[in-house]
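Just below is one structure, and these are the notes that go with it.
The values are calculated or read from the model by the stated rules, or taken from the named source; none is laboratory data. Quick caveat, the model's predicted, so the values are computed rather than measured. As a convention, Cβ positions derive from the backbone with ideal geometry for all residues, glycine included, and neighbour counts pool all protein chains shown.
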Amino acid sequence: MSGAIALVGGGEFGPGCDFDRELMAAAGTREVLVLPTAAAFEHPERLVDQARRWFESLGGAAEGLMVLRRPDAFLAEHVERVRASRFTYLAGGSPMHLRSVVKDSPLWAALREALDEGGVVAASSAGAMVASDPMVDPRGGAFTLGLGLVRPLALIPGAQAWSHDRLHRTLTLAGDFPVVSLPDGAALVRTDGRWSAHGDVVVHVRGTPVELDVLPVDE
C-alpha cells in the first residue's frame, strides 16, 4: 500500500481530531468522502452534517456517500466515487453492520485500490475495527474476522469505556499479534510506511505495552 491509513478511537469530526489536517495534506486534497455506513440506523445524515462542519473548520469540504445497505456497495456510481476519492472516511457506528455491507463487495475493492494508488483512508470506531484483522467482536471482546486493510492488528476503539477485566480478557486472547487501545479522539496513523500516534494510543503484545515499531507496515 502506498497510501495513508488513520485508525481513530472515536469522537470523530470534532475537537482533538486536528490530525485530519495532516490527512488532507497527505491526500493532496481538501475533499473528503464520508461513508456513514456503520451509522445506517443512527441518523447517518446527521453524521455527514457533522463531518461537513468539521472539515469546513479545517479549510476542507466533506460530502457523504449513503452506502447504507449491502446493495448500495454494488452500485457502479458508488464504486466509482470511492475509487476516485483521494480521502475516504469510514465513520463510526455498528462494526457488524459495516462489515456485512461492504465485505467482498466491489466498493471495498475500490477502497483498497484507492489506497494502493496513494489515497488516504481514515476509519473511526466501528470503521477502525472493521479495517483491521483480526477484529475485536464488540459483543464480547473476543476476535472475529476483519477486512484487513491492516493485519495482523486488532483495535479497541473507545478504550476509555472498557473495564479492566474486559480489556484483560481481550489481551489474553490475542496471543502474539498486537492489539491497540484507542480512546476517543486518539489516532494511529501510517504515512510513508511509518506509524505515528496521536493522543493516548497504547500498543499491547501479550498484554504488555510495546513500541509502535512492532506494528505491521504491509498487509
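Select the strands (runs of 3 or more DSSP E) contained entirely in segment 122-219, then report the ones holding at least 1 residues which are out of contact with any helix residue (DSSP H, G or I) (no Cβ under 7 Å at 6 or more places or on another chain), among the polar types (S, T, N, Q) and closer than 20 Å to Gly11 by Cα.
Details: elements: 154-157, 179-182, 187-191, 194-198, 202-205, 208-210.
Hits in segment 122-219: 194-198.
If you scan segment 61-90, which residues turn out to be under 15 Å from Ala6 (Cβ atoms) and either at pLDDT below 95 or in contact with a strand residue (DSSP E or B) (Cβ under 6 Å, 6 or more places away or on another chain) (or both)?
At the first step, the residues of segment 61-90 found to be under 15 Å from Ala6 (Cβ atoms) are 62, 85-90.
Once the filter is applied, which keeps residues that are under 15 Å from Ala6 (Cβ atoms) and either at pLDDT below 95 or in contact with a strand residue (DSSP E or B) (Cβ under 6 Å, 6 or more places away or on another chain) (or both), segment 61-90 yields Ala62, Ser85, Phe87, Thr88, Tyr89, Leu90.
Is there any pair linking a residue in segment 91-111 that is within 14 Å of Ala128 (Cβ to Cβ) to one that is surrounded by fewer than 19 Cβ atoms within 10 Å (Cβ to Cβ), with Cβ under 6 Å and at least six apart or on different chains, and which?
If the second residue must be surrounded by fewer than 19 Cβ atoms within 10 Å (Cβ to Cβ), the pairs left are Gly93/Glu42; Pro95/Pro138.
Could you give me the residue pairs with C-beta distances under 7 Å whose first residue belongs to segment 30-48 and is modelled with pLDDT under 95, whose second residue is assigned to a strand (DSSP E or B) wherever it lies, and which are 6+ apart or on separate chains?
Qualifying pairs under 7 Å: none.
Go through Ala128, Ala154, Ala110 for me and flag whichever is modelled with pLDDT under 95 and not charged (D, E, K, R). So that I can check it myself, show each step before the final result.
Working: Ala128 fails: modelled with pLDDT under 95; Ala110 fails: modelled with pLDDT under 95.
Answer to the selection: Ala154.
Among all residue pairs at least 6 apart or on different chains, which show Cβ distances below 6 Å where the first residue, located in segment 186-214, is within 16 Å of Thr170 (Cα to Cα) and the second is in a loop (DSSP other than H, G, I, E, B)?
Pairs that qualify, where the first residue is within 16 Å of Thr170 (Cα to Cα) and the partner is in a loop (DSSP other than H, G, I, E, B), are Val203/Pro178; Val205/Pro178.
For segment 160-203, give me each residue that is within 30 Å of Gly118 (Cβ to Cβ), of a type in the set (Ser, Thr, Tyr) and either buried (at least 17 other Cβ atoms within 10 Å of the Cβ) or more than 18 Å from the chain's Cα centre (by Cα) (or both). Spell out how you get there, then give the answer.
Filtering segment 160-203 for residues within 30 Å of Gly118 (Cβ to Cβ) gives 177-203.
Now drop any that are not of a type in the set (Ser, Thr, Tyr), which leaves 181, 191, 196.
Within segment 160-203, Ser181 is the sole residue that qualifies.
When the residues of segment 5-28 are narrowed to those that are acidic (Asp, Glu) and crowded, with 16+ Cβ neighbours inside 10 Å, which ends up farthest from Ala154 (Cα to Cα)?
Across segment 5-28, the extreme among qualifying residues is Glu22.
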